[in-house]
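Below you'll find the structure, written out as C-alpha cells, and then a few comments.
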Amino acid sequence: MTQITPMVWQGDSVSILDQRKLPSDEVWIETSDYRLVIESIRNMSVRGAPAIGIVGSYGLALAAMELAQSANGDFSDRLHAAAREIRDARPTGANLGWAVGRMLSSVASAQTTEEVVADLLSEAARIHREDIESNLQIGERGAKLLPWGSSPLTHCNTGALATGGHGTALGIIRTAWADGRIERVFATETRPLLQGARLTAWELAREGIPASLIADSASGVLMRRGLVQAVVVGADRIAANGDVANKIGTYNLAVLAKENGIPFYVAAPTGTLDMSLSDGEEIVIEERGEEEVLGYGDMRAAPDGMAAFNPAFDVTPNRYVTAIVTELGVARPPYRRSLAAIMEKNDKVPSPSMGEG
Ligand code: MRU
C-alpha cells in the first residue's frame with residue numbers, strides 16, 4: 001500500500017496536498033475554513049473525483065464546527081447552504097454530491113448541534129477509510145483483467161493523489177505491478193493541465209514502476225504497433241447505461257482501442273455511479289478557463305487574441321467500454337443490468353444529486 005495521500009484530517013483542520021505544485025514542490029494547505037476547502041476543489045489544488053468527495057466531506061464537517069460556534073441564523077439552514085456550496089464546487093464528478101449526500105444522511109437522527117458535528121466528523125472519516133478499501137478491492141479485481149507481461153496505457157491521474165489512497169485505474173496498475181503482471185506503463189501527459197506528466201509520472205516513479213510518458217496524440221500509433229494490451233482509465237460520473245464521463249481525451253482513447261481490438265477498462269468506486277441518469281447525454285461537463293489551453297502555467301503558447309475551448313471532461317458511450325471495475329464487482333455489457341445488480345449489493349447509496357436542486 002502506497003504512502004501517498006492527498007489529504008490528512010488533523011482533528012480540527014484538514015491538510016490538502018497542493019497538486020498544482022507537484023512534482024516540483026510538496027506544499028500542504030492546512031485550513032479549518034470550509035470556504036478555502038471549496039476554493040481548493042475549484043482551483044484543483046485537490047482533484048480527482050473520489051479525492052474531492054473526501055475533502056468535501058471534511059469541508060462539511062468544518063462548516064458544522066464553525067456554525068455550531070455562531071449565534072447567527074438557523075444552524076440547519078446554514079449547514080444545508082454550506083453543503084450545497086460544497087457540492088457545486090465542481091459539477092462533473094459524482095463523488096462530491098454523493099459524499100455530501102452521505103454526510104447529510106448521517107445526521108438524520110442527531111438531536112443537538114454537538115451530535116451533528118460528531119456524526120459529520122465520523123462520517124467523513126468513514127468515507128475516507130472506505131474509499132481506500134474500495135480502491136484496494138478495485139485493484140484486486142482489475143489486476144486479474146490484465147494479461148501477464150502486458151503494458152497498459154492510462155490517462156490523467158487516477159492514483160493515490162486522486163483518491164483516499166492507492167487509486168482506481170492506477171490502483172489496478174499498482175496491484176498488477178505488485179503481482180508481477182506488468183512490464184511497462186504508458187501514461188498520457190493529459191493536456192491541458194498535465195495530470196499524467198506531473199502526477200501519474202510522479203506516482204509511478206515513486207513506486208519504481210517502469211513507465212513511459214507519451215504525448216496524448218501518440219496513443220494511436222502505440223496501439224497500432226501493438227505496444228499496448230489494455231487501456232485502463234478512471235471515471236468522474238457513470239450513467240445507468242454505462243456511459244462514462246472522464247478526463248477530456250478518454251473518448252479518443254476508447255475509439256482507438258476499439259479500432260485496434262484492445263480492451264478498454266474503466267475503474268471507479270460505486271460512489272461514481274449515478275443511477276439517476278439514464279445515459280451520458282445528461283452529464284454536465286465542466287468547462288474551464290481558456291488560459292489553461294492557451295499556455296501552461298506562466299508560459300503562454302498561443303498568440304494574443306486567440307480564443308480557446310476547454311471542456312475538462314468527455315463522455316465515452318458504453319459501446320466502447322469492455323468492463324467497469326467497481327469495489328463490488330466487474331460490470332460487463334449490457335450495463336443497465338450489470339450496474340443495477342452491483343448497486344443492489346450497495347448499502348450506502350444516496351443519489352449524487354443530494355436529492356435536491
Ligand atoms: O480534472 P481532474 O484532474 O479532477 O480529472 C480527474 C479525472 O478525470 C480522473 O480520471 C477521475 O476523476 C477519476 S480519479 C480516480
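The values are calculated or read from the model by the stated rules, or taken from the named source; none is laboratory data. This structure is a prediction, so every number in the text was calculated from the model and none was measured. Cβ placement follows ideal geometry from the backbone for every residue including glycine, while neighbour counts extend to all protein chains displayed. The accessibility values were calculated without ligands, DNA or RNA, using every heavy atom of the protein model including side chains. Shrake-Rupley method; radii C 1.70, N 1.55, O 1.52, S 1.80 Å.
As a quick test, which of the pairs Lys21/Lys144; Lys21/Lys247; Lys258/Lys345 have an alpha carbon distance above 23 angstrom in this structure?
Result: Lys21/Lys144; Lys258/Lys345 exceed 23 Å.
Please list, in order along segment 202-214, the HN-Hα scalar couplings obtained from phi with the Karplus expression 6.51 cos²θ - 1.76 cosθ + 1.60 (θ = phi - 60°), rounded to whole Hz, x for Gly and Pro.
3J(HN,Hα) across segment 202-214, in whole Hz: 5, 5, 5, 5, 5, 8, x, 8, x, 8, 10, 7, 10.
Roughly how many percent of the accessible protein surface of the chain is carbon and sulfur, given a 1.4 Å probe and a whole-percent answer?
Exposed carbon and sulfur together represent 50 percent of the surface.
Any chance you could give the angle, 0 to 90 degrees and rounded to 10, that helix 94-106 forms with the longest Cα principal axis of the chain?
The helix 94-106 is inclined about 30 degrees to the chain.
Before I look further, what does the chain give for accessible area per residue, probe 1.4 Å, in whole square angstrom?
Accessible surface, normalised per residue, equals 40 Å².
Near Ala308, within a Cβ-to-Cβ distance under 13 Å, what is the net charge of the other residues, with Lys and Arg +1 and Asp and Glu -1?
-2
Highest first, please rank the peptides 256-264, 160-168 by the mean number of other Cβ atoms sitting within 10 Å of their residues.
160-168, 256-264
Highest mean first, how do 322-333, 104-115 rank when packing is the count of other Cβ atoms within 10 Å averaged over residues?
Top of the packing list down: 322-333, 104-115.
Search the structure for amide H atoms under 5 Å from the amide H of Thr163, placed 1.01 Å from N in the peptide plane, and list their residues when 5 or more places away or on another chain.
HN-HN under 5 Å from Thr163: Ala51.
Quick one: Karplus J couplings for segment 305-318, per residue in order, coefficients 6.51, -1.76, 1.60, θ = phi - 60°, nearest Hz, x for Gly and Pro?
My calculation for segment 305-318 gives x, 6, 8, 9, 10, 9, x, 7, 9, 9, 10, 9, x, 4 Hz in order.
Output the 0 to 90 degree angle, nearest 10, between the alpha-carbon long axis of helix 75-87 and the longest principal axis computed from the alpha carbons of the chain.
Tilt relative to the chain: about 10 degrees.
Restricting to DSSP H runs of at least four residues, report the calculated mean residue ellipticity at 222 nm for the chain, -39500 (n - 2.57) per run over all residues, nearest 500 deg cm²/dmol.
My calculation for the chain gives -11500 deg cm²/dmol from helical runs alone.
Per-residue HN-Hα couplings for segment 126-139, Karplus 6.51 cos²θ - 1.76 cosθ + 1.60 at θ = phi - 60°, whole Hz, x for Gly and Pro?
In residue order, the calculated couplings are 5, 4, 5, 4, 5, 5, 5, 4, 4, 5, 5, 5, 4, x Hz.
Sort the following peptides by mean Cβ neighbour count (other Cβ atoms within 10 Å, averaged over residues), highest first: 46-53, 239-246, 134-141, 211-218.
Per-residue mean Cβ counts within 10 Å order the peptides as 46-53, 239-246, 134-141, 211-218.
What size of dipole, in debye to the nearest 20, comes out for segment 1-94 about its Cα centre when the only charges are +1 on Lys and Arg C-beta atoms and -1 on Asp and Glu C-beta atoms?
Dipole about the Cα centre, nearest 20: 360 debye.
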